[in-house]
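Colleague: One structure is given below, represented as structure tokens, and several questions about it will come after.
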Amino acid sequence: MVSAPALVKKEPGLLYVTETDTNWVPDGTGAGIFVALKDVAALQAKAADKKSMLRITTSSTPPATHTFTFTDNQDFETCKAALQSGIARARAGQTQVGGKSDKQDEGYAGTSDKQLLADVALQQGLLRNDDKLRQMFETVVIHGGVSATEFWSARLDLLRRQVLSNTQKRGAYNVLSSINPATGSENKINLSLSREIIKDILEMYPTVAKAYNQNVPPLSESDFWAQFFASRLFRYLRGEKLSTSDAPNPIFDKYIGHSAETIADQQPLPVSFLYNVDANEQDNSERYQAATDMTMKPDAIPSTLPMLSNINTLSARILHNVSDYSMVDPTTQAEREDALELHDLDIAPSQEYLLLKIDRAIQPALPPANGSTAATAPDTSVSTVESLEYMRKSLDPRPSLEHLADDNELYEEVIASLSKTIQARVKETTQQRPNIDAATLEEMRLTHATASEFLHHFWIDFNSGDASKAAELSKIVESLTRSNDRITAILDTVASEQRQHVLDGLEPLREGIQIALKRYQTAFVEQRD
Amino acid sequence: ALLGIIIDVNGAQWARIRDQVDFRRIISSLLVFVNAHLALKESNKVLVVSCGPHKSKILYPASESTDSANIEADGQMYRPFQVVNQVIIDAMMNSLEESQSSSSNSVKFAGALSMALSYANKLSSHSIGHGGYQSRILAISVSEDEPSQYIACMNAMFTAQKLSIPVDVCKLNGNSVFLEQIADATSGTFLRPDHPSGILQYLMSVYSPNPSIRNYLALPSQSNVDFRASCFCHQKVVSIGYVCSVCLSVYCSVPSTQSCMVCGSKYDPEEIAKLFIKPQVIPIKKPK
């Protein structure tokens, strides 16, 4: 929010500009002015030495004009910028809001359906990168009857995905570990450094920044970096153990040991007393018998400690620099205390289910039609008494299990028929791919993909009942007939032994096209009459 | 491992095919199969449920404690098997009266399947072994489908799917689309034996493998499953129809009340109207 002193009609006051509106409050008594930024029709600015003016014209009827006079040019500039951006944003938001369906389209950061469809650059980019998509686009939109908007409206996910991946930024990372000096021939070290990497290093490592600031006027940049990467400081900052075999470097070595600064030195963080170790230091048992681990002792500097603390401080710094990371613990005190409680004996909350009232007494109004699952007319060939008698007789002298395994012939027959079934199943599941040559396969694939696309748009337009789409519809129908002809052409040109396989592949497509064409014809005839 | 058996006791249906299949023979083969399963492993268990036109009942394990002293010793047979067989036969005999009805050619399969599934669930939650408790269900069926059982059957099928319990089906008579779908969805084996009298061989070779090794075997299951549902209003078999978005019940046409017949949810009249829009195919000529 921006605020600045401004005068309206010689009255002093304060002008506030927020993201959605602007507000002027007079110093003394008097009416204030409130204008929502989306109502602003025009903004005029006149910069003068001590009397810069901003004039806002609203789009209400009758249009109201407000003039704000600034004495300070800086204030004038900031207010003008804030108002301009606010108005532009309000204008953009306005064109999207309109119609119930648009509210649902409102996507994440500029990915609403309307914006995606309008973003021709994005679409061209996608087409450029994907050959198959481009082929499809050419056949369907340029040669066929489908409009580009329709084509892309079936592919909104693709567009949205592209926008989201474009707007993703790369986060902060540990710069030094990504630099690997490659040892070239004759013990010379080759290393490539870009402007960005240097900037990141200086940002991430204040020690290096300090060394740079102190040493670079005398040393040249390339010398500085050459020496830095060969020095022990570099290895120290990377967290590697320092052995005496490294060449000592008088310039850099004095900075070793300085990087034990913690992030706590930079900015004190609010830490709850529940786990604020420093604050609770008096109240612990470690003072007596159980001492802390050697790396945890506050004053210990063994050789492995720098590595741990380095990496930790670096990570903490990276996180700290990431814009939306807050080091403040988001859980409330109550939540934390609740986590310490034992909930084992709590009564579990009973599950609440949505009640779905099912009407079990549905009786079909008509007698059941003939179908394989319909209960056929009750067969009264067997009476209840008879069936009961039959069952009783089967059970009463207890069935003897003794001679059941004697019928070897029968069982052999069973095994034979089972083997046949199994073999047929196995053959089905391990059927090899028919070898159709690559060119025909490619043609089939192309025809299938484009015809499916046409069918898809045909049915959308056909069922929408939208008379304005009728012209487009007829063009799609032409394309469909062309696809149909193309299928027949493929079938004619292919060799006879492959013909069956090709037919198997394309037959469902042909059926689909024919169904669509027939529906179109009947609708045409109906409408004409 | 648990073997659950659902045996169809619709007497009328069995009586109709008594010339091709002897119920007695089926029962004896079944008993041998049960004994074999129990013999394979100490921890194997069996559940037998009878499924009739009006109700289903668990035959084994018996709910009333059987007085095993009553069972006379038969020197030929291993006593525990004898006890099991006797309990099954006696329980089935006792339940026969209630389960007969000549006017019905279908059975309440959903109830029997639910009973078997709950027993399997109970066993698996009580088991302490690693690797999970393996169960499978075998349904021996001679009856047709009952359309009003569709919802219940489908629910039971999804439960079995969730619990990974294969439901095998041995169909000796009749057409049942529900059973085909259930066997297919739970990766069970659906078979229509060509030689019903040799059912013991079928049971031993096709229906005995455990769920865990079925992946490695080629089983002769029926591959062409009729996945069509039947509509709820007319019991017609539909391949393209309308489905309620709340309770997933199937209709062949939009219900005239513009609300679902099963769950009562009202549909948006605008959306219904959209379904009936007449397609406009002739472009409107602009008046010059």
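Colleague: Of all residues in the range B:1-59 being of a type in the set (Gly, Ala, Ser) and more than 18 Å from B:Ile88 (Cβ to Cβ), which is most open to solvent (accessible area, probe 1.4 Å)?
Modeller: Only one residue tops the list, namely B:Ser43.
Colleague: Here is a further query. Kindly evaluate B:Pro220 against the criterion of being of a type outside the set (A, V, I, L, M) and more than 9 Å from chain A (Cβ to nearest Cβ).
Modeller: On the way: of a type outside the set (A, V, I, L, M): yes; more than 9 Å from chain A (Cβ to nearest Cβ): no.
Criteria not met by B:Pro220.
Colleague: With the condition kept exactly as written, say whether any residue in the range A:340-361 is in a helix (DSSP H, G or I) and at pLDDT below 75.
Modeller: no
Colleague: Further, regarding this structure: Which strands (runs of 3 or more DSSP E) does the range A:20-87 wholly contain that include 3 or more residues that are open to solvent by less than 20 Å² (accessible area, probe 1.4 Å)?
Modeller: In the range A:20-87, the matching strands (runs of 3 or more DSSP E) lie at A:21-26, A:52-58.
Colleague: Could you check the range A:401-412 and list, in sequence order, the residues that are touching a helix residue (DSSP H, G or I) at 6+ places or on another chain (Cβ under 7 Å) and farther than 13 Å from B:Asp22 by Cβ?
Modeller: If the condition is that a residue be touching a helix residue (DSSP H, G or I) at 6+ places or on another chain (Cβ under 7 Å) and farther than 13 Å from B:Asp22 by Cβ, then A:Leu401, A:Tyr411 are the ones that fit.
Colleague: Would you check which residues across the range B:164-173 are surrounded by fewer than 21 Cβ atoms within 10 Å (Cβ to Cβ) and within 13 Å of chain A (Cβ to nearest Cβ) and list them?
Modeller: The one that is surrounded by fewer than 21 Cβ atoms within 10 Å (Cβ to Cβ) and within 13 Å of chain A (Cβ to nearest Cβ): B:Asn173.
Colleague: All but one of (1) without any contact (Cβ under 8 Å) to a residue 40 or more places away in the chain; (2) farther than 20 Å from B:Pro53 by Cβ; (3) within 13 Å of chain A (Cβ to nearest Cβ); (4) not in a loop (DSSP other than H, G, I, E, B) hold for B:Glu180, so report the exception by its number.
Modeller: Every listed condition holds for B:Glu180 apart from (1).
Colleague: Hey, can you tell me all the residues within the range A:427-445 that are modelled with pLDDT of 85 or more and either open to solvent by less than 50 Å² (accessible area, probe 1.4 Å) or facing chain B (nearest Cβ under 9 Å) (or both)?
Modeller: A:Met444
Colleague: I would also like to ask the following. Among the residues of the range B:8-24, write down those that are of a type in the set (Asp, Glu) and under 18 Å from B:Ile89 (Cα atoms).
Modeller: Taking the range B:8-24 and keeping what is of a type in the set (Asp, Glu), we get B:8, B:19, B:22.
The answer is B:Asp8, B:Asp22.
Colleague: Now for a different question. Does A:Gln423 count as open to solvent by 80 Å² or more (accessible area, probe 1.4 Å), modelled with pLDDT under 80, over 17 Å from B:Pro196 (Cβ atoms) and under 56 Å from the mean Cα position of the chain (by Cα)?
Modeller: no
Colleague: Out of the residues in the range A:461-485 that are of a type outside the set (Gly, Ala, Ser) and farther than 18 Å from A:Phe137 by Cα, state the one that is surrounded by the fewest Cβ atoms within 10 Å (Cβ to Cβ).
Modeller: A:Asp485
Residue by residue, here is whether (1) in contact with a Cys (Cβ under 7 Å, 6 or more places away or on another chain); (2) within 7 Å of chain A (Cβ to nearest Cβ) holds:
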site: B:Ser187; (1), (2): no, no
site: B:Phe190; (1), (2): no, no
site: B:Ser197; (1), (2): no, yes
site: B:Leu200; (1), (2): no, yes
site: B:Met204; (1), (2): no, no
site: B:Ser208; (1), (2): no, no
site: B:Tyr216; (1), (2): no, no
site: B:Cys233; (1), (2): yes, yes
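Colleague: Go through the range A:186-211 and report how many residues are at pLDDT 70 or above, more than 17 Å from A:Arg232 (Cα to Cα) and not in a helix (DSSP H, G or I).
Modeller: The total comes to 1.
Quick grid of which residues meet (1) within 30 Å of A:Ala471 (Cα to Cα); (2) open to solvent by less than 50 Å² (accessible area, probe 1.4 Å):
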| site | (1), (2) |
| --- | --- |
| B:Pro220 | no, yes |
| B:Asn224 | no, no |
| B:Ser230 | no, yes |
| B:Lys236 | no, no |
| B:Ile240 | yes, no |
| B:Cys244 | no, yes |
| B:Ser256 | no, no |
| B:Gly264 | no, yes |
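The values are calculated or read from the model by the stated rules, or taken from the named source; none is laboratory data. The model shown is predicted, which means the values in this text are computed figures rather than measured ones. Please note: Cβ atoms are built from the backbone with ideal geometry, for glycine as well, and neighbour counts cover all protein chains shown. Please note that ligands, DNA and RNA were not included when accessible areas were found on the heavy atoms of the full protein model with its side chains. Shrake-Rupley method; radii C 1.70, N 1.55, O 1.52, S 1.80 Å.
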